[in-house]
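Each remark here refers to the structure printed beneath this line.
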Amino acid sequence: MGHRRQLTARALHEALGPLARAVAPGDGSLEVSLAAQEAGRTTAAPLLRDRAMRAHAVAAAADDGVGFVAFLDGVQESRVVAYVGTVPIVHGRTGAVIRARVDRRLVTWGDGPRSDDALYLPMGGVPPAVIDALAATACPIVDTTDDTIGAEEAHPQQLLRRAVHLVQREREAQEQALAVAWCRASGGAPLYLDGGLPPSEEVLAGGGAIGVIKSHHTLYATGSALATVMSLGAGERSSIFVVETRWRAPVASWYLRLRAPGRRDPLWGLVRVEASLAALNGVLARAAEGGSAPADDPDLAADRISQWVAAESAPLSLPDARWDTMAYGIRDCEVYLRAALGRLAT
Amino acid sequence: MSPSPDAPPTSAAREQPEDRPRLLGRVVATERRPNTTHEFHFWTALDSPVGIGTIVRVEGTHAIEGQIPQVYGVVTDGMSYSDLASPLHDVIGFDADPARAARAATERAEIRLYTAAVLRHIPDEPLQPVAMGQVFLADDRDVAVALRMDGYLREGARTGIPVGVYRAGGMESPIYLDADFLLGPEAAHLNITGVSGLATKTSAVEWLLASIFAHFPAKKGSVAAVCFNVKGPDLCFLDQPSTLEARDRTLYEALGVPAAPFPNVHYFAPYKAKGYALNTLRSNPALQHNVSPLTWGLREVMQFAEVLLNKDDIDAKADALIDFVASRVVDQPFSDPLMGGRQFQVRSFADLDAFFRELIDAMEGANREQWRTHHVATIRKVRNRLVNIATRCEGLVTNDGHASDLPNGRSEDRAVYVIDVANLEEDAQDLIFARVVSKLREHLERRALGVDHLVVFVDELNKYAPADGPETYVRKMLLDIAERGRYLGLVLFSAQQFRSQVHRRVVGNSGTAIYGRMDPDELATPGYAVIGPSTRTKLATLDKGQLMVRHPHFAQPIFVRFPRPAVLSGREGAERFPQGEEPTLQEAVLRQLRTLDPQLTMASIATVFEGLYRDDEILRARDRTMRERPSDVKGHFLSQFRSLVASRVPAPSPVRPLRPAPLGDPYGT
């Protein structure tokens, strides 16, 4: 956790003086006020074992089903603090933490949370005097210049989205750094990651990190496969499929229904689990050592991991609106970060 | 599940060196729940040894005039809660199955939040709200400072009287009362409240008296105690050792009090109605060496006749006659023309009865309704009431006028005088209480009691000084002691089950108050409103040997533990020393005379009991012997019968002379 003092509105105002028009802090962060840019989409993903997408009942665990040792999550908050002409200056704050479970209670792991804050603006779009003035605040400056957006024709919201995107990148970098540290220190102990697995080869090879994605902007099934996914019953998972992206090595993934939606949206209570192939192998290896599974059946590993994820569905993470899919350990990370870092949104 | 063994330690691992103060928590405050100069809030780890009554120290964060402020407080309330928004969420989360909840992988985040009342600020000025500092468990030194004991435990003062130990976090800190505020002159008196049967009231007083006797500084003078045993055998075995457990002995050692019974105890009890056996539960023959009779004659009782006469009895006319009798008739020669100039010597109730009888006869004979302005009806009424005292207080009031009393003027340092009134009627109890305390007060006023400070212990105070009801002599006297006794060295230690039923000025003047296990109904009365709900709950569930103490130096009540008294409890004593059988007159007289001469045998005084003398004559001889304590006990006792023996030798019946036989009687020869 950094020891640099956080930027205050007063310090910024004093630094900028007449160079910029200060903006009174609003009630909501940009993460809340900017409408989601990304529209939902579906894409077909290759299945790992099954020939067609189908539902697998996740057997009840013989033990308590608890596998995760720790939880990792990060938070971010972006706010417009000033305008130089039509160019917004965004103050972004990020933080990430691992909360480890000790005697059924969650405590901060390692050296504590990671956090940072910075000013985000297209440096080429503002006078040098502004950059000099901001430098006097000792707050790092991140250049949000996007070559695809001309400075003259840029809509302010485009600049804001760009800033928020870079804040998100910073938060993801902190999460990845913590995941890497965990993998190095824990010897592959299962870590519950909020969101998809990071692109770090070390994390993917370590096999301890399991990503659990609550939102479904991208659904990795189409047609009847998608219908199968959306009709999964409580305690069922989908076939394992492979998620391939440009920025990360392929990982195994499957959908898991944590809670029966009843009359709610079909995506309610549905999470997508990501595990590296190393993770599947690690789980299988441990199961084989215990004599409970053949060493070459990834479905058994997916079942086991699904049991772990399902075991985290209690206690409920209410009153968070995402309680249907949010593990209590992840909510604990967010509560911790808000308390430790001040008012931060997700 | 625990983290992998290879995982680095969590930041929650809290290692603290042994020699450093134990960090407990951290002060917190919000706008809705701010800290003030007299109260603050702090949170702790879930496993912190903090509870209601724990004393803590807050270390300030910013130096004030070069000094980091220290605030001492005592925990008065505590609460815990989790991040659960609604209990229903927990039910839903575990499908209404408590067993699932018990198996949950993760416990919810939970807080232990405590509220503490400020005991002391260092420095005292400027008085500021408590800072958001770290909270430490108070160690011995902190406890002394927090309770301002440092002022009277320092060299040169040393007026500390141990009342028990304060326990927290594995530590035991001795708690001291200030003798100047317990036995005067600054403040005085002690009041104990607690339910019966949980070794609170009597045990606490026995322990505290032992502590006072051990620690009362010599430079403050001598101290003794007079205890009224008002129920059962509670105080009947103060000189007999109990069996103490090791933990009690440890407490005695830690507090510097000998774990031994009182070495100097004297018991007093009136006689039973027959007049030759003492009316006490300490009647076992093995324990008679320090039991003395408590008897009073007419003179002693007349001074306190008011105690036994209610308002209906004492109108102005009756009061005037009683005053006349007390000042002009009793204990002095008195004659009156109406009664033929006969000289009366009224020294006993029997004399008084005879005097009244003759007076009334004379008035009737002279057909007069007034005598010295007193109407015959008033005279009859006063006679009835006064003579009746001897009946109501039979055993206490003697008919022969002789008194056997406490050794006022010869009271001994560190001695306990127990007056057993447990088996007496209420009137007699009141009379004893009123006269004993009044005499003690008189002697203390003259500095002639024999000791400088005297503790008077009275149990069942709600009976003697009730909050409501008629104004009685005893209550007035207790009020007087409570309000003025400390200037004389007369200190009231009182106890009752229901403090709310005791006169407010009596308990209000008790500088020190002790509370044992309390009745919840009693705690619901307005007098306990100043005590927080958590503290009240603790009071209702206190263990044996636990007390809550209020003392002028303590800004807040403190919970302490005290050791079991080193004397036999009433129940144990009654089992080990069962009551002796009701003795015969011979046995009773011999038993008492043997306290003067242990070699005395029944055979040596047996002649007295062969039917030649009345019981009251024998008892009078016994009383005189006991009073005069001669070196030759047997000789002195028997000498009181010699003249009677001589005068009562039956004269030979006159022999009737034989009538001479008539002449010519054929049988006369």
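See the values below:
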item	result
Test for A:A173: is it under 26 Å from A:E334 (Cα atoms), open to solvent by 20 Å² or more (accessible area, probe 1.4 Å) and either within 14 Å of chain B (Cβ to nearest Cβ) or of a type in the set (F, W, Y) (or both)	no
Unmet criterion (only one of (1) closer than 29 Å to A:F68 by Cβ; (2) polar (S, T, N, Q); (3) modelled with pLDDT of 95 or more) for B:S86	(3)
Strands (runs of 3 or more DSSP E) completely within segment B:91-180 that count 1 or more residues being within 14 Å of chain A (Cβ to nearest Cβ)	B:110-122
Residues located in segment A:65-84, provided they are open to solvent by 10 Å² or more (accessible area, probe 1.4 Å) and not in a strand (DSSP E or B)	A:V66
Matching residues in segment A:104-148 - criterion: being open to solvent by less than 40 Å² (accessible area, probe 1.4 Å), of a type in the set (A, V, I, L, M) and either more than 14 Å from chain B (Cβ to nearest Cβ) or more than 30 Å from A:F71 (Cα to Cα) (or both)	A:A118, A:L119, A:L121, A:V126, A:V130, A:I131, A:A133, A:L134
Residue match in segment B:374-395 (condition: open to solvent by less than 60 Å² (accessible area, probe 1.4 Å) and assigned to a loop (DSSP other than H, G, I, E, B))	yes
Output for segment A:196-208, where each listed residue is within 14 Å of chain B (Cβ to nearest Cβ) and either open to solvent by 20 Å² or more (accessible area, probe 1.4 Å) or modelled with pLDDT of 95 or more (or both)	A:G206
Single residue of segment B:330-351 satisfying the filter (in contact (Cβ under 8 Å) with a residue 12 or more places away in the chain and more than 46 Å from the chain's Cα centre (by Cα)) that is most open to solvent (accessible area, probe 1.4 Å)	B:R342
Considering residues of segment A:12-27 that are part of a helix (DSSP H, G or I) and open to solvent by 40 Å² or more (accessible area, probe 1.4 Å) only, the residue farthest from A:C139 (Cα to Cα)	A:P18
Set A:R248, A:R272: member being away from chain B (no Cβ under 12 Å), crowded, with 23+ Cβ neighbours inside 10 Å, at negative phi and among the basic types (K, R)	A:R272
Scope segment B:275-289; condition part of a loop (DSSP other than H, G, I, E, B) and buried (at least 16 other Cβ atoms within 10 Å of the Cβ); matching residues	B:G275, B:Y276, B:A277, B:N279, B:T280, B:L281, B:R282, B:S283, B:N284, B:Q288
Segment A:319-329, subset more than 11 Å from every other protein chain (Cβ to nearest Cβ) and hydrophobic (A, V, I, L, M, F, W, C), residue farthest from A:Y192 (Cα to Cα)	A:A321
Segment A:54-76, subset among the small types (G, A, S) and more than 30 Å from A:R114 (Cβ to Cβ), residue farthest from the chain's Cα centre (by Cα)	A:A62
Residues of segment A:37-64 satisfying the condition of being more than 14 Å from every other protein chain (Cβ to nearest Cβ), charged (D, E, K, R), open to solvent by 70 Å² or more (accessible area, probe 1.4 Å) and over 25 Å from A:Q176 (Cβ atoms)	A:R49, A:R51, A:R54
Within segment B:538-587, considering residues that are without any contact (Cβ under 8 Å) to a residue 40 or more places away in the chain and in a helix (DSSP H, G or I), the one surrounded by the fewest Cβ atoms within 10 Å (Cβ to Cβ)	B:E575
Qualifying residue in segment B:46-54 (condition: closer than 23 Å to B:D150 by Cβ and not aliphatic (A, V, I, L, M))	yes
Strands (runs of 3 or more DSSP E) contained in segment A:85-150 and holding at least 3 residues free of Cβ contacts under 8 Å to residues at least 60 places away in the same chain	A:114-121, A:141-143
Options A:L337, A:L316; residue that is within 10 Å of chain B (Cβ to nearest Cβ) and under 19 Å from A:Y192 (Cβ atoms)	A:L316
Residues being part of a loop (DSSP other than H, G, I, E, B) and either among the charged types (D, E, K, R) or open to solvent by less than 20 Å² (accessible area, probe 1.4 Å) (or both) - total across segment A:212-230	2
The listed residue being part of a helix (DSSP H, G or I), under 30 Å from B:A214 (Cβ atoms) and among the aliphatic types (A, V, I, L, M), out of B:L406, B:L444, B:L454, B:L431	B:L444
Conditions (1) within 28 Å of B:P263 (Cα to Cα); (2) touching a Leu at 6+ places or on another chain (Cβ under 9 Å): number failed by B:K201	(2)
Subset of segment B:182-200 [buried (at least 24 other Cβ atoms within 10 Å of the Cβ) and either among the charged types (D, E, K, R) or out of contact with any His (no Cβ under 7 Å at 6 or more places or on another chain) (or both)]	B:L182, B:A188, B:H189, B:L190, B:N191, B:I192, B:T193, B:G194, B:T200
Test: residue in segment B:123-130 that is open to solvent by less than 20 Å² (accessible area, probe 1.4 Å) and either within 28 Å of the chain's Cα centre (by Cα) or among the small types (G, A, S) (or both)	no
Residues of segment B:257-273 classified as modelled with pLDDT of 95 or more and open to solvent by 30 Å² or more (accessible area, probe 1.4 Å), total	7
Pairs, first farther than 21 Å from A:V81 by Cβ and in a helix (DSSP H, G or I) in segment A:157-179, second open to solvent by 50 Å² or more (accessible area, probe 1.4 Å) and not hydroxyl-bearing (S, T, Y), C-beta under 8 Å, six or more apart	A:Q174/A:R114; A:Q174/A:D116; A:Q176/A:P199; A:A177/A:R114; A:L178/A:R114
Meets criteria (within 14 Å of another protein chain (Cβ to nearest Cβ), touching a Ser or Thr at 6+ places or on another chain (Cβ under 6 Å), of a type outside the set (S, T, N, Q) and under 29 Å from A:C333 (Cα atoms)) for A:A100	yes
Residue match in segment A:184-195 (condition: of a type in the set (S, T, Y) and within 14 Å of chain B (Cβ to nearest Cβ))	yes
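The values are calculated or read from the model by the stated rules, or taken from the named source; none is laboratory data. All values derive from a computational prediction rather than experimental measurement. We place every Cβ from the backbone using ideal geometry, glycine too, and count neighbours over all the protein chains shown. For accessibility, only protein heavy atoms count, side chains too; no ligands or nucleic acids. Shrake-Rupley method; radii C 1.70, N 1.55, O 1.52, S 1.80 Å.
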